[in-house]
Amino acid sequence: MLLNLAAACLALSAWLLWWETNGTSLVDGYPFQPEALLSGQPLVFAAIAALSVASLLAWLAPAAAEVAPSLRRVVLVGVLGGACGWAAMAGAMAYLHARQPAVGEPLDPFISRYFRLVFVAWLVAMAVAAIVANVLSGRHRLLTALIAAQVAALVGFGGMFALAASDGCVPALDTLGYSCVWHPGATWSMFAIMVGPALALAVIIAVGATVTVSVVRRAWHHTDRPSVRRRSAGNGRAGLVARRFGVAGLCAAVVCAAATAELINIQQQRAVGPNDTSAAVVDLPVSTQVRAFQLGAWETHGGLDILQRYATTTKRFVTMLENGHGEINGAAVRPFCAKIDQIGRDAADYFQAPDPPVQALWQTFIKEVRTSGQDCGRSVDQSNGDLIIMAIQHLDMAGAAADSLETQLLALNRTG
């Protein structure tokens, strides 16, 4: 009783604190931003963990084996909800696959749409679990809905993360991935933004589902009350031990998820600065996590492929020239000139990098590659060896820009 009271007080305190800071900003018309929804809220994740643990401990009460719903059934409902989240994620990826931006169009709106649909798919997982848990429960509906939604959030995260990280491996679901490469770093940058809001919304979804199902039941059955069906105590001591292990595992998972969300929240606050809390809540520049995700999408959608094509072509070109021992075979050089020039054109037509320093390096890379391709072509037309040397020099400068660009991307991904 005291534990439940303490959890409820902590949840109410977290709600009041959130409303005084972030909630009023949403009411005033500021846009909804998941990465800033819980910014600067020290009690939210502690309240979520306390509510979940207090609810799970109810299954260890002496009468739980007879009165409380089956914990196994609640967990299975959560797993079902998580699987629905996977299906919703796959559907979103297929939808976006058919609506990818054309070359030259800005990539940011497409990434933003992708981000929102992934978040909605995660919410679908929790909503399905909460509703089904309510429908199947006679009593303790809020209790079962809360645990089912939290389980769905955790299970949904696993499958959805795998789908996003392997983007590019299933042609019909290609969204941001350009080729079949496992890229967990960029994927985590996206999900890190959503972990906290998802856990918080799981509680709200559980409450909303419980209220909705209760209203519908009362509308259909005006005078009927849910019957209390007592279950058998199970397999005696074996059932109690299994229940204890299940409760302990779920408690550990929820606490770890809440702690992870709090650490992410702290990192976001440090990135924004201690004196910018109010601005961080509303329409601030993009967070480091969002920026890292955008850059990861920029890489996997074709930026990395262009850099790899440049490295491979340059290596083969230089090797061919070295094997010529000073003699330039125009017929052998011309295809390389065309390839280098095409790489420069493709890079110029590609999306702008969503980070100013990276974009500056990308522009330098484009300039040097295009110049190298032009010098290379003129060298063949004019049989001018000096122009070949200049083409190689420009390729070297493009390589230096590419190296700096990749170092910058790596640093930003680690920060995000």
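The table below lists the values:
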quantity	calculated
Flag for residue 352 being assigned to a helix (DSSP H, G or I) and among the polar types (S, T, N, Q)	no
Among (1) closer than 18 Å to residue 393 by Cα; (2) at pLDDT below 80, the one test that residue 268 misses	(1)
Some residue of the range 328-347 being in contact (Cβ under 8 Å) with a residue 60 or more places away in the chain and in contact with a Lys or Arg (Cβ under 9 Å, 6 or more places away or on another chain)	no
Single condition residue 216 does not satisfy, out of (1) assigned to a helix (DSSP H, G or I); (2) touching a helix residue (DSSP H, G or I) at 6+ places or on another chain (Cβ under 9 Å); (3) surrounded by fewer than 17 Cβ atoms within 10 Å (Cβ to Cβ); (4) not aromatic (Phe, Trp, Tyr)	(2)
Verdict on residue 138 being of a type outside the set (Lys, Arg), outside any helix (DSSP H, G or I) and on the phi > 0 side of the Ramachandran plot	no
Subset tally (residues that are aliphatic (A, V, I, L, M), closer than 25 Å to residue 80 by Cβ and surrounded by fewer than 20 Cβ atoms within 10 Å (Cβ to Cβ)) for the range 143-188	3
Scan of the range 167-192 for residues that are within 30 Å of residue 48 (Cβ to Cβ), in a helix (DSSP H, G or I) and modelled with pLDDT of 75 or more, ordered by number	184, 187, 188, 191, 192
Residue within the range 196-205 that is at pLDDT 75 or above, in a helix (DSSP H, G or I) and surrounded by fewer than 20 Cβ atoms within 10 Å (Cβ to Cβ) present	yes
Condition check for residue 311: closer than 23 Å to residue 410 by Cα and either touching a residue at least 60 places away in the same chain (Cβ under 8 Å) or surrounded by fewer than 12 Cβ atoms within 10 Å (Cβ to Cβ) (or both)	yes
Selection count where residues are aliphatic (A, V, I, L, M), modelled with pLDDT of 90 or more and within 17 Å of residue 304 (Cβ to Cβ), scope the range 339-385	3
Count of residues meeting criterion [under 12 Å from residue 409 (Cα atoms) and out of contact with any helix residue (DSSP H, G or I) (no Cβ under 8 Å at 6 or more places or on another chain)] in the range 341-363	2
Residue within the range 25-43 that is surrounded by fewer than 17 Cβ atoms within 10 Å (Cβ to Cβ) and modelled with pLDDT of 60 or more present	yes
Residue count, the range 324-349 (criterion: assigned to a loop (DSSP other than H, G, I, E, B) and within 17 Å of residue 295 (Cα to Cα))	0
Contacts under 6 angstrom Cβ, first residue in the range 376-393 being β-branched (Val, Ile, Thr), partner assigned to a helix (DSSP H, G or I) and surrounded by 14 or more Cβ atoms within 10 Å (Cβ to Cβ), 6 or more apart	380/333; 380/334; 388/379
Scope the range 126-139; condition buried (at least 21 other Cβ atoms within 10 Å of the Cβ), more than 13 Å from residue 203 (Cα to Cα) and not hydroxyl-bearing (Ser, Thr, Tyr); matching residues	128, 132, 133, 134
Failed item in (1) without any contact (Cβ under 8 Å) to a residue 12 or more places away in the chain; (2) within 23 Å of residue 334 (Cβ to Cβ), with residue 363 passing the rest	(2)
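The values are calculated or read from the model by the stated rules, or taken from the named source; none is laboratory data. Note that the coordinates shown come from a computational prediction; the quantities given were computed from them, not determined experimentally. Here Cβ is always computed from backbone atoms with ideal geometry, including for glycine, and neighbour counts include all displayed protein chains.
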